[in-house]
1. Could you name every residue in the range A:93-113 that has 30 Å² or more less accessible surface in the full protein assembly than in its own chain alone (probe 1.4 Å, ligands and nucleic acids excluded)?
2. Which FRET efficiency, nearest 0.05, do A:Phe357 and A:Phe320 yield, Cβ-Cβ r, R0 51 Å?
3. For the protein assembly as shown, what is the charge dipole size about the Cα centre, in debye to the nearest 20, if Lys and Arg each add +1 at the Cβ and Asp and Glu each add -1 at the Cβ?
4. Among the GluC sites (Glu not before Pro) in the range B:199-228, which ones are in a DSSP loop with at most 11 other Cβ atoms within 10 Å of the Cβ? Mind listing them?
5. Residues of the range B:80-111 with accessible area at least 20 Å² lower in the all-protein-chain context than alone (1.4 Å probe)?
6. With all pairs of different alpha carbon atoms counted, what Kirkwood hydrodynamic radius in Å does the range A:9-153 show?
7. For the pair A:Ser16 and B:Asn94, how long in nm is the line joining their label points, each one 7 Å along Cα→Cβ?
8. According to a simple spin-label model (label point 7 Å from Cα along Cα-to-Cβ), what is the distance in nm between A:Ile78 and A:Asp350?
Amino acid sequence: MKAVCWYSANEVRVESVPDPTILNPRDAIIKVTSTAICGSDLHIYGGYIPTVQQGDIIGHEFMGEVVEVGQGIENLKIGDRVVVPSTIGCGRCHYCQHDMWSLCDNSNPKAWIEEKLFGNITSAIYGYSHMLGGYAGAQAEYVRVPFADVGVVKVPPDLSDEMLLFISDAIPTGYMGAEFCDIQPGDTVAVWGCGAVGQFAMISAYMMGAEKVIAIDRFPERLEMAKKYAKAEIINYEEVNAGEALKEMTGGRGPDACIDAVGLEAHGVGIEDFYDQTKQKLKLETDRPHVLREMMVACRKGGTLSIMGVYGGFVDKIPFGAAFNKGLTFRMGQMHGQKYMHLLLQLVLDGKLDPSFVVTHQLPLEQAPRAYEIFQQKLDNCVKVVLKP
Amino acid sequence: MTLTSGDKQAEASDLERWASLIGGGALVLMGLRQASLRGVLTALAGGGLIYQGATKRSTIQQAQEAIGLNKPIKVEKTVTINKPTEELYRYWHNFENLPTFMKHLKSVKVYNEKRSHWIANAPLGNSIEWDADILEDRENEFISWASVEGADVENSGFVRFQPAPGNRGTEVKVVLEYNPPGGTLTAIFAKLFGEEPEQQIGDELRRFKMLMEAGEIATTEGQPSGRK
């Protein structure tokens, strides 16, 4: 089959590789019909995620059709159309049973790396480094889905892939980001990053009762999208000081909750951005925490920071005094896809959510190298790329 | 390293120190720091309150230790498994199940309720074999075992099951000790657990947890990649 393989920083290739096979009783093989490039794939593409190896198949946001099931699977049959969440959960450990799927104890066969680095184990994620399990990713014609009996949601045949695909990752990530904010009626929620996750976080915040949502980005077309589809007020941080603008827009209080939908490759402005870029290049810090810093200072007293953008290692110059003295609450983590996928599917089926607006580019899988380039450099007003195997 | 009755290179008679033990898991661990696991387990199984601890060691042995040969591999690891103690105890109690999740074991054959025969994988197609006896067996709580005298690789271990607080299943603690002999076997044996025996035992225990909870052991072996 054809698959997108990582080779080195900013280099992916579409290679011919063997088809995946059933390795465990609870496995299924899915023929991928659509797979997206996620913002967090760019961290891998750029070479920022440790333990990604040359030749690894990447990609974790996908849907398709069941073509083979292991002997332990009773609730799926060949031909079923399914969306698969990006985090892999066994469904039987303490964490999965308490709906914390991305903290699964049993899905990561290479857990010792994380145990050393993080002090404990989290779930595996498709195509997202050996630290996170080393599973082959989904930007391929076929993919092996472990624990498929609990790891997929069946979807009806009459809706387009673009309506359903993002239940795999971007929508539950945005939804969980908003849920973490514990939104009270009248709240103002600020969202850093207007990619797909940011857009769905804004829409979810309104669904949960936010009165005002403010979007922060630097690309006009993304901000326009946030204004048009997510009904957000917008701040272009390259044109105005985001911190000051937020103060002005919230009567001097600051947002009640702040959502980070950017993560470790955040861009800032001026000396601080230079500092992060330089330290990251020199390997003196792994992550660029610009958004984190800005949120800690901007958030109102007693407010909440909800961190959905991915961080991998160590960050520098964090204004912890601000967070402590203002009594901020931090909530964060990889999303618990299996917790939300049924609910989100229902929202789509009921016509309450149409996620297809985020798709700006659709390319054949063979053109993945070009697709990564377009997405990384935000060429041609790119917000979201879908690859078609 | 300290002396046990199976040690041939040391002067077992010249006793310098005695350690008292009153029993219980905590004391087993305390004992581990000063004496061999096998001795402690034997003492506990025998109901003995006094255990013969460390002894004067031979010069040859001290030299070997200094250069890293003949060092016992001693590891302890605990994992919480979301299953009742009875279920876990029952599975472990049949030692023939152990190679399913312990990759360093090739097979275990149970002869009778006390004695079993163990075969461990060693590099270059070699294997190491020994007979082991169960020393103590408390249902749903504790199993200890040790190789019988004259084993190529003297080893011992115990597993303890105790209910975890807050309905979180069972805390499973495993302590193992291997005393490699001198000579070629030592080198072979050292490779068995690689450079980080703690990690390997941790992985084996994690596989036990996967098998008990998820019904299968997560793997990526045999999956496709673009590596040539």
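1. Buried by 30 Å² or more upon assembly, which counts only protein chains, are A:His94, A:Asp105, A:Asn106, A:Pro109, A:Trp112.
2. Values: r = 38 Å, r/R0 = 0.74.
Computed FRET efficiency for A:Phe357 and A:Phe320 comes out at 0.85.
3. Details: 61 positive and 78 negative charges, 111 e Å.
Dipole of the protein assembly as shown, to the nearest 20 debye: 540 debye.
4. Working: sites: B:Glu204, B:Glu213, B:Glu216, B:Glu221; in loops: B:Glu216, B:Glu221.
Filter output for the range B:199-228: B:Glu221.
5. The answer is B:Asn82.
6. Working: mean 1/r = 0.0651 Å⁻¹.
After inverting the pairwise mean of 1/r, the radius is 15.4 Å.
7. Rounded to a tenth, the inter-label distance reads 4.6 nm.
8. Each label point is offset 7 Å from its Cα along the Cβ direction, giving 3.7 nm.
The values are calculated or read from the model by the stated rules, or taken from the named source; none is laboratory data. In this text, all values refer to a predicted model and were calculated from it rather than measured experimentally. Neighbour counts are summed over all protein chains in view; Cβ atoms, including those assigned to glycine, are modelled from backbone coordinates with ideal geometry. For the accessible areas, the whole protein counts, side chains as well, though only heavy atoms, and no ligand, DNA or RNA atoms are used. Shrake-Rupley method; radii C 1.70, N 1.55, O 1.52, S 1.80 Å.
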